[in-house]
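The values are calculated or read from the model by the stated rules, or taken from the named source; none is laboratory data. Note that the structure is a prediction, hence the values are computed from the model and not measured. Positions of Cβ are backbone-derived with ideal geometry, glycine not excepted, and every protein chain shown enters the neighbour counts. The accessibility values were calculated without ligands, DNA or RNA, using every heavy atom of the protein model including side chains. Shrake-Rupley method; radii C 1.70, N 1.55, O 1.52, S 1.80 Å.
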Amino acid sequence: METLTTKFPGVILRRRSGSSQSGSDHETSKEVPTTDYYLDNQLPIDQLKKEVLALTHRLKIARWRSVPISEHSQIKVTRISGALTNAVYCVTPPAKYLYQNYEQHHLPQHAVDSLSNPAHPRRKSVPSLKIQHVPQLLLRIYGPNASQIINRATELALLKRLSSRNIGPRILGIFANGRFEQFLKAQTLTKEDIRSPDVSKVIAKRMRELHDGVDLTFDERSQGPGAWKNFDKWAIDAKVVLDKLDETIGHMQGMKDTGGLGPPWSTRRVLRADWMTFMEAVMSYREWLDKEIGRPEVLANGLVFAHNDAQYGNLLRVEPPSGSPLLRPANEHKTLVVIDFEYASPNVRGCDISNHFCEWMSDYHDPERPQDIHSEKFPTEQDGLRFIESYVAHGLDAYEDIDRIDREIAALSREAIIWRPAIHLGWCMWGIISAPIENEPDDSDGFVDLEDPAIETHSEAQGLEAPQFDYLDYASQKASLFWGDIANLGIPIPDGVDTQYAMYVGTKWKYARY
């Protein structure tokens, strides 16, 4: 493998919520160019620009080969976001390549005339005539801490599969530690946007189109819901992290782990129980869920291709150009684009819906406590019903039996509720394994310094993620919500758990009663 440095770029940031952007139009007839080249984004900015431009040439990205390497200092590399799993940049060519209006390239008048008048012969002696529009690119560089969470080979195979159906980002080129994607002019939704009734209905329609748009294989169905696959995988690593935390507390003089809330973090403080008791509750919930669902084939047949992370930072509103088919009333909802399929997998419809509802409770741009979960922000019964009605109606014929539609709405509403504890469990494990542990080597300097004035901030970036996100606090809140949910479901709370606390958390779900 070719490398520019032996250091792997690192980042210790929070769950992605920046306005990374990618397109939904594809050219599926060509294989995506790939190289084992390694891009070190800790390089000085001028060298980084040169390496980025050279990489576009190596990957033969359309039109970028017309930008000479000698002009590398004129390109712009502006950051859109930094996250645990990615650092995302917008790469802009030199200004003269951005316009198709030749007058803006300062061509001589006779050259402009030769382009605007077909009868006027073109003069080959004008080299500027070769200038063509070069599109902006989205550059995504992977973070080192993501390997235990995301299988990049699986992700790329999935993205290629989605590309054949015009879903998700258009991948333009792949290198050892990242990829180039189409950059789409769009606005990322905000936490307020997703609460808008009109926007919520559009999100529901797009989710339905995703669920129905990708056929699952027999093997994918046989492996069961992604909610449990992720939990089972992440729980192994989470146990290792929690054991390290417990060991650290054990070495603190005079420190005794008595449980409670907040740091210093330990297994009991994060999970509100010891590991064995917590896993006992998880098993009780899974057994209860199996009885609710019935035969295993019922579960397998109900699986769909799910995004599993439909938070506001992964939802973009495209700004279509004049004359675009997206401006037609029937296609208006398609101006909403879903991005970042890192956690996508076969799953239960209710899981994807429930996860989106849970994301209403988060504000990842809170300058003080971005990890906080605000249970009072969970969709009201009216909000949830509006979303599910839109989802169901978008997948059925207008003349379907009204009783059948009502049954589907009721069933899906119930499904979103009973799978919600699984959503909390998954993100609880995610938070634990994402947490930086003090005795681990610090590799967070691998990404270009977010405060480096040489790297500009893109105008459409909502705000950069910062290291103040407390992953263990986030995981602890998810664990608390799990206890509250199973208490509301009537699942027995094991001995060793504060039942009063679990019931108290359950009562905080003001609009999510069973």
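Couple of notes before you dig in:
- Net charge contributed by nearby residues that have their C-beta within less than 12 Å of Asp495 (K/R +1, D/E -1): -3
- Whole-Hz ³J(HN,Hα) from phi, Karplus 6.51 cos²θ - 1.76 cosθ + 1.60, for the range 342-347, glycine and proline x: 5, 10, 5, 5, x, 7
- Electrostatic tally near Pro93: other residues with Cβ closer than 9 Å to its Cβ, Lys and Arg +1, Asp and Glu -1, net +2.
- About the Cα centre, charge dipole magnitude for the range 307-396 (Lys/Arg +1, Asp/Glu -1 at Cβ), debye: 480 debye
- Vicinal HN-Hα couplings computed from phi for the range 174-183 (Karplus, 6.51 cos²θ - 1.76 cosθ + 1.60; Hz; Gly/Pro x): 10, 10, 4, 10, x, 7, 9, 10, 4, 9
- Of Lys201/Lys377; Lys191/Lys239; Lys160/Lys201; Lys239/Lys377; Lys50/Lys76, pairs whose Cα-Cα distance is over 21 Å: Lys191/Lys239; Lys160/Lys201; Lys239/Lys377
- When peptides 414-427, 296-309 are ranked by their average number of other Cβ atoms within 10 Å per residue, the highest-first order is 414-427, 296-309.
- Charge tally for Ser73 (other residues, Cβ to Cβ under 9 Å; Lys, Arg +1; Asp, Glu -1): 0.
- Per the Cα gyration tensor, the range 195-250 maps to an equivalent ellipsoid with semi-axes of 37, 21, 5 Å, ordered largest to smallest.
- Rolling a 1.4 Å probe over the protein chains gives Lys201 an accessible area of about 80 Å².
- The calculated FRET efficiency for Tyr504 paired with Lys96, based on their beta-carbon distance and R0 = 56 Å, is about 0.30.
- Within the range 386-430, backbone nitrogen closer than 17 Å to the virtual label 7 Å beyond the Cα of Val240 toward Cβ: 429-430
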